[in-house]
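What follows is a set of notes on a single structure, which appears directly below.
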Amino acid sequence: LFLAFHVSALNSKAQPGTVSFLHISDTHLIFNLGLYQPNLAQSRQHYGQGVDSLKQFLKTAPRKTNSDMVAATGDLIDFYEGETIDGNMQDLMIKQFVNLLDKSKTPVFLTLGNHDISSYSWGDSTRVSSQKHAGQARATWIRNTPCFSEGTYYSKILVAGKTTFRLIFLDDAYNSVHPGENTLIPYIDKAQLHWLENELMQSDSDIEIVLMHLPITSGVTLPEHSCELYSVLAKNPSVKLILAGHNHRNAIQSFTTGENQKIMQVQTGAFGQSTENWRRICLTENSILVSLSGSNGNELTIPVN
């Protein structure tokens, strides 16, 4: 599944021959916090005011920054289902989140994060988080979310001048790996891994940008480790940028993948902690420009030709 955007159809105020989008992550929205078990609600109240902030951002930020779309890389909501006051589990959060997006005049594309497929309950004076209902959560996202209409991983084509960019949205949300399973995070299953390999082979001339929630860590790049996802990305020199979140920090890392080759990874801090945690990604015929967090000012330039 992919959708192509061409410069001629974009915001006429943008610099000619460019495509721009905003990157946010970790919005952690909670709707109707008062419906949930009181101790659970108390433990998550720091995210209780995020709904209005995201509404305002989607209403104003794309226009102010001349951006054509928004990409949100996971932990969109704080939990898929949660224990309510009466002890039952409620799973309405996804529908409420999608209803909010439906009001946005700017297209919003998503990846899932670990919270988006997690269930919360309260027991023994502590919050209990589980991904045992991850399949149900993903099915609910697919039923309700247009960008997931054919699955929780997909690609989009953006064209800037004579350069084609392939945005690859991955689902690496599952992180409930037990010790001794010999599975490194970030993790995607075999079906998605084979799909990713096929996407990377679709064209000899396009530039790939990977969007996902859990970032690559320096540990999985070491020769003694074997992270299948990183191995696939590293052997494709046309992969220039990874956009991620999860760690609630703004960071830029460079991973060497071969002789004179590297992949840049950019993490954007949690929008749920500060509405200044966003970046503008500008695609031009010759480069990818990544802004400072909360600013149009440039922090990183990645040549693509």
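Descriptive notes on the structure:
- Reported to the nearest whole Å, the Cα centre-to-centre distance from the stretch 176-254 to the stretch 85-112 is 26.
- When the surface is traced with a 1.4 Å probe over the full set of protein chains, GLU228 keeps roughly 80 Å² accessible.
- Net charge dipole size for the chain [Lys, Arg +1 and Asp, Glu -1 on Cβ; Debye, nearest 20]: 1020 debye
- Counting charges near LEU58 (Lys, Arg +1; Asp, Glu -1) among other residues having Cβ under 14 Å from its Cβ returns a value of +3.
- Summed over the residues of the chain and divided among them, the accessible surface reaches 45 Å² per residue at a probe radius of 1.4 Å.
- Out-of-range pairs (alpha-carbon distance over 28 Å; input LYS162/LYS235; LYS55/LYS240; LYS59/LYS235): LYS55/LYS240; LYS59/LYS235
- Difference of contour (0.36 nm per residue) and Cα-Cα distance, SER130 to THR60: 21.6 nm
- Selection from GLY161, HIS248, CYS227 lying farthest towards where the dipole of the chain points positive, charges on Cβ: GLY161
- Rounded percent of accessible protein surface that carbon and sulfur make up, the chain, 1.4 Å probe: 47 percent
- Computed from the C-beta positions of THR256 and SER231 and an R0 of 22 Å, the FRET efficiency is 0.95 to the nearest 0.05.
- Within a Gaussian network of the chain (alpha carbon springs, distance under 10 Å), most fluctuating of ILE207, ILE142, ILE242: ILE142
- Toward the positive end of the charge dipole of the chain, with +1 on the Cβ of Lys and Arg and -1 on the Cβ of Asp and Glu, the farthest Cα among SER295, TYR36, HIS133 is that of SER295.
The values are calculated or read from the model by the stated rules, or taken from the named source; none is laboratory data. Since the structure is predicted, the reported quantities are computational estimates derived from the model, not experimental observations. Neighbour counts run over all protein chains shown; Cβ positions are idealised from the backbone, glycine included. Surface areas here come from the heavy atoms of the whole protein model, side chains and all, with no ligands, DNA or RNA. Shrake-Rupley method; radii C 1.70, N 1.55, O 1.52, S 1.80 Å.
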